Amino acid sequence: MTLPLHPDTPRTQRYARVLSIAGSDSGGGAGIQADLKTFAALGCYGMTAITALTAQNTQGVRAIHGVPPAMLRDQIDAVVQDIGVDAVKVGMLHSPEIALAVAQAIDRHALTRIVFDPVMVATSGAVLIDQAAVEVLVRELFPRVAVITPNLDEAGFLVGRTLTSEADMQAAAHTLLARGARAVLLKGGHLAGDTVTDLLLLGNGQAHWLRAERIHTANTHGTGCTLSSAMAAHLALGADLLQAVQGARHFIRAALTAGASVRTGQGSGPLNHGFAPQAMHTVALPGNAAPEF
């Protein structure tokens with residue numbers, strides 16, 4: 001039996017802290033549910049500020065109910081002012097008002113290490129965001145985040161053309177930098193072939209092509225959410241951007257492989273986020289021992 005600590009017991013450490021600002025997936029495979037599973041699996045303390053409630057499962061989205069901007073601001077303020085944040089993942093922002101509220105919160109709290117997954121196009125090809133919201137995202141969020149992580153459809157929507165090759169990917173990534181992004185991870189999983197190629201283009205123009213064999217599985221729901229949240233977790237743990245991308249790709253490939261033979265629901269199932277969970281990482285509070293990453 002473990003006895004509780006006395007209230008006066010010195011508290012000399014804190015957890016590595018990651019905030020997800022995103023929509024809720026009632027089916028548990030994507031959105032903040034996937035983000036929290038990813039944070040926990042990588043040994044980070046996860047928090048959320050919900051932008052929208054969705055009624056969805058492995059077969060699709062049935063309904064979306066947006067959260068009022070004031071409530072979103074209160075969620076962000078509550079966790080930042082009390083617990084603090086080491087890194088942020090931003091996902092579904094469905095309206096100009098919600099996007100502006102996030103941009104204002106970034107400035108208000110001087111948030112850094114922000115990964116923005118611009119959820120704009122559904123797997124079916126349906127556009128999930130209106131043009132007014134896109135303009136606010138580009139103008140207000142691109143310059144404020146460390147990296148954006150669009151897939152081919154989302155990047156194509158942003159630059160106004162269909163992307164069908166690696167040459168198209170490179171041109172689109174440069175266009176997104178010119179539109180204000182500080183770095184771009186353009187995910188090439190929708191290209192045909194047995195190799196999946198992603199492009200990380202840094203603000204200085206340095207390009208990193210990341211290639212791996214395609215994992216054949218029907219369980220791909222939440223891959224974009226999981227990748228971006230894994231990147232944020234690695235940034236919270238002290239990685240630089242390239243290291244965070246590499247670590248996140250390793251995590252998501254292992255999660256895809258571990259969940260490939262499992263059936264959850266009747267459609268595109270989730271990844272196995274808990275294939276190898278890590279213990280919570282702690283950081284020494286000021287005046288105490290060195291960090292324990």
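Hey, what D do you get for the chain in µm²/s if you plug the Kirkwood alpha-carbon radius into Stokes-Einstein at 10 °C and 1.306 mPa s?
82 µm²/s
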Keeping all protein chains in position, work out how much accessible area Glu97 exposes to a 1.4 Å probe, and write it in Å² to the nearest 10. 110 Å²
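Distances longer than 19 Å among the Cα atoms of segment 99-198: what percent of all pairs is that?
Values: 2034 of 4950 pairs.
Percentage above 19 Å: 41.
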For Leu191, list long-range residues whose amide hydrogen, built 1.01 Å from N in the peptide plane, is under 5 Å from its own amide hydrogen. none
Tell me the carbon and sulfur percent of the accessible area for segment 142-284, rounded to whole percent, probe radius 1.4 Å. 50 percent
If R₀ is 45 angstrom, what is the calculated FRET efficiency for the pair Ile83 and Asp194, using the beta carbon separation as r and rounding to 0.05? 0.55
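Excluding ligands, DNA and RNA, what is the solvent-accessible area per residue of the chain at a probe of 1.4 Å, expressed in Å²? Show your work: numbers first, answer last.
Numbers: 13450 Å² over 293 residues.
Per-residue value: 46 Å².
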For segment 25-61 and segment 203-265, what is the separation of their C-alpha centers, rounded to whole Å? 16 Å
Please label the shape of segment 172-293 as rounded, prolate or oblate, based on the square roots a ≥ b ≥ c of the eigenvalues of the alpha-carbon gyration tensor (a/c under 1.5 means rounded; beyond that, a/b larger than b/c means prolate, else oblate). oblate
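Tell me the trypsin sites (Lys or Arg not before Pro) within segment 220-293 that lie in a loop according to DSSP and have at most 14 other beta-carbon atoms within 10 Å. All intermediate terms of the calculation are to be shown ahead of the outcome.
Values: sites: Arg249, Arg253, Arg263; in loops: Arg263.
Those satisfying the criteria are Arg263.
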Among Gly269, Gly31, Gly66, determine the one that fluctuates most according to a GNM of the chain built with springs between C-alpha atoms less than 10 Å apart. Gly66
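Report the equivalent ellipsoid semi-axes for segment 68-116 in whole Å, largest first, defined as the square roots of five times the eigenvalues of the gyration tensor built from alpha carbon atoms.
Numbers: eigenvalues 55, 34, 16 Å².
Sorted largest first and rounded, they come to 17, 13, 9 Å.
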If you scale each eigenvalue of the Cα gyration tensor by 5 and take the root, what three semi-axes come out for segment 192-232, rounded to whole angstrom and sorted largest first? 22, 16, 6
Non-local amide H neighbours of Ile21 (under 5 Å, H modeled in plane, Pro and chain starts lacking H): which ones? Ala49, Lys89, Val90, Gly91
Using only the Cα atoms of segment 30-147, what semi-axes does the equivalent ellipsoid have when each is the square root of 5 times a gyration tensor eigenvalue? Give whole Å, largest first. 22, 18, 14
Reported to two decimal places, what Rg/Rh ratio describes segment 162-216 when computed on Cα atoms with Rh from the Kirkwood expression? 0.99
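The values are calculated or read from the model by the stated rules, or taken from the named source; none is laboratory data. No experiment lies behind these values; they were computed from the predicted model shown. Here Cβ is always computed from backbone atoms with ideal geometry, including for glycine, and neighbour counts include all displayed protein chains. The protein model used for the area step is the full one, side chains on, heavy atoms only, and it has no ligands, DNA or RNA in it. Shrake-Rupley method; radii C 1.70, N 1.55, O 1.52, S 1.80 Å.
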